[in-house]
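*Asks:* This structure is in structure tokens; I'll ask about it shortly.
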Amino acid sequence: MNDPQELFDHGPVIPVVVLDEVGHGVPLARALLRGGIRVVEVTLRTPAALGALERIAAEVPDAVVGAGTVTSPDLAQDAAKAGAAFLVTPGTTESLLDAAEQTGLPFLPGVATVSEAMRLAERGVTALKFFPAEAAGGVPFLRSLAGPLPGLRFCPTGGITPAKAGAYLALPNVGCVGGSWLTPQDALAAGDWSRIEALAREATSLR
């Protein structure tokens, strides 16, 4: 996968995952695959995240595992070395954008304003993360961008639930949504992979 737009072709939802145990990564990715979801974003919010990402990349070749919450150039490099297939940032600074480009990986840079989206478009970036989606204007905001910025597509993330996902996915400039509801912390802690598989299967029918 070389083009971040390809992330939008794998399904309507990218699971946004917080892992506290390295050993949870592989069974989680396998459960998502059984439920029909290939792409998973492991957020770099915990000490276990990079190790879990590395193991998924090595042991679950059918999964497309990326690193989320990439907030610094060092994290971008660390994620690339761990085997990330793509990067996702919550916001975008010039140094972070440069570092993401230098990895050679596809990436979804985070935006929350029109000016941020336009600045990235000037640099040729057309696949973006809209974060925090619900807090930053939600569906009405993205709908209003479709006219003046028709060349941009978004993966809105932040506060999105199964009940809200459909309204986002109906927008012409939304390629997919990011959601944490597919991998609830209590299910991860209990190793309840069948529940996660069921949630993944439900998510594939959202579009």
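*Asks:* Since residue 168 meets every condition but one in (1) assigned to a loop (DSSP other than H, G, I, E, B); (2) in contact with a strand residue (DSSP E or B) (Cβ under 7 Å, 6 or more places away or on another chain); (3) at pLDDT 95 or above, which condition does it not meet?
*Replies:* (1)
*Asks:* Hey, could you check the range 157-173 for residues that are without any contact (Cβ under 8 Å) to a residue 40 or more places away in the chain and surrounded by 13 or more Cβ atoms within 10 Å (Cβ to Cβ) and say which is nearest to the chain's Cα centre (by Cα)?
*Replies:* Applying the filter and picking the extreme gives 158.
*Asks:* Within the set of pairs 6 or more residues apart or between chains, which connect a residue that is of a type outside the set (Gly, Ala, Ser) inside the range 116-138 to a residue that is surrounded by fewer than 16 Cβ atoms within 10 Å (Cβ to Cβ) with Cβ atoms less than 7 Å apart?
*Replies:* Every condition considered, the pairs that remain are 126/151; 132/159; 134/159.
*Asks:* Exactly one of these conditions fails for residue 204: (1) closer than 23 Å to residue 91 by Cβ; (2) touching a Gly at 6+ places or on another chain (Cβ under 8 Å); (3) of a type in the set (Ser, Thr, Tyr); (4) in contact (Cβ under 8 Å) with a residue 24 or more places away in the chain. Give me its number.
*Replies:* (1)
*Asks:* Run residue 198 past the list (1) surrounded by fewer than 14 Cβ atoms within 10 Å (Cβ to Cβ); (2) more than 25 Å from residue 140 (Cβ to Cβ) and report the number of the one that doesn't hold.
*Replies:* (1)
*Asks:* Could you please give the count of residues in the range 190-201 that are in contact (Cβ under 8 Å) with a residue 60 or more places away in the chain and either part of a helix (DSSP H, G or I) or among the β-branched types (Val, Ile, Thr) (or both)?
*Replies:* Residues meeting the conditions: 8.
*Asks:* Here are 46, 89, 71: which of them is buried (at least 22 other Cβ atoms within 10 Å of the Cβ) and polar (S, T, N, Q)?
*Replies:* 89
*Asks:* Select from the range 49-63 the residues that are touching a helix residue (DSSP H, G or I) at 6+ places or on another chain (Cβ under 8 Å), surrounded by fewer than 18 Cβ atoms within 10 Å (Cβ to Cβ) and in a helix (DSSP H, G or I) and list them in ascending order.
*Replies:* 51, 59
*Asks:* Taking the range 16-70 on its own, how many of its residues are over 17 Å from the mean Cα position of the chain (by Cα) and of a type in the set (Val, Ile, Thr)?
*Replies:* Residues flagged as over 17 Å from the mean Cα position of the chain (by Cα) and of a type in the set (Val, Ile, Thr) within the range 16-70 amount to 3.
*Asks:* Hey, among 91, 66, which residue is within 27 Å of residue 167 (Cβ to Cβ) and assigned to a strand (DSSP E or B)?
*Replies:* It is 66.
*Asks:* If you don't mind, another one. Give the range 96-141 a look and list any residue that's among the acidic types (Asp, Glu), under 18 Å from the mean Cα position of the chain (by Cα) and over 25 Å from residue 160 (Cα atoms), or say none.
*Replies:* 101
*Asks:* In addition: Give me the pairs: first residue in the range 40-61 and under 18 Å from residue 11 (Cβ atoms), second residue of a type in the set (Lys, Arg) and surrounded by fewer than 24 Cβ atoms within 10 Å (Cβ to Cβ), beta-carbon distance under 8 Å, and six or more apart or on different chains, which are they?
*Replies:* Sorted first by the residue in the range 40-61, then by its partner, the pairs are 60/30.
*Asks:* Given the conditions (1) in contact (Cβ under 8 Å) with a residue 12 or more places away in the chain; (2) out of contact with any helix residue (DSSP H, G or I) (no Cβ under 9 Å at 6 or more places or on another chain); (3) not in a helix (DSSP H, G or I), which single one is not true for residue 154?
*Replies:* Every listed condition holds for residue 154 apart from (2).
*Asks:* Scan the range 75-86 and report the pairs whose first residue is free of Cβ contacts under 8 Å to residues at least 40 places away in the same chain and whose second residue is among the hydroxyl-bearing types (Ser, Thr, Tyr), with Cβ atoms within less than 6 Å and a gap of 6+ or a chain change.
*Replies:* 76/103; 80/103
The values are calculated or read from the model by the stated rules, or taken from the named source; none is laboratory data. All values reported here derive from a predicted model rather than from experimental measurement. Backbone-built Cβ (ideal geometry, glycine too); neighbour counts: all protein chains shown.
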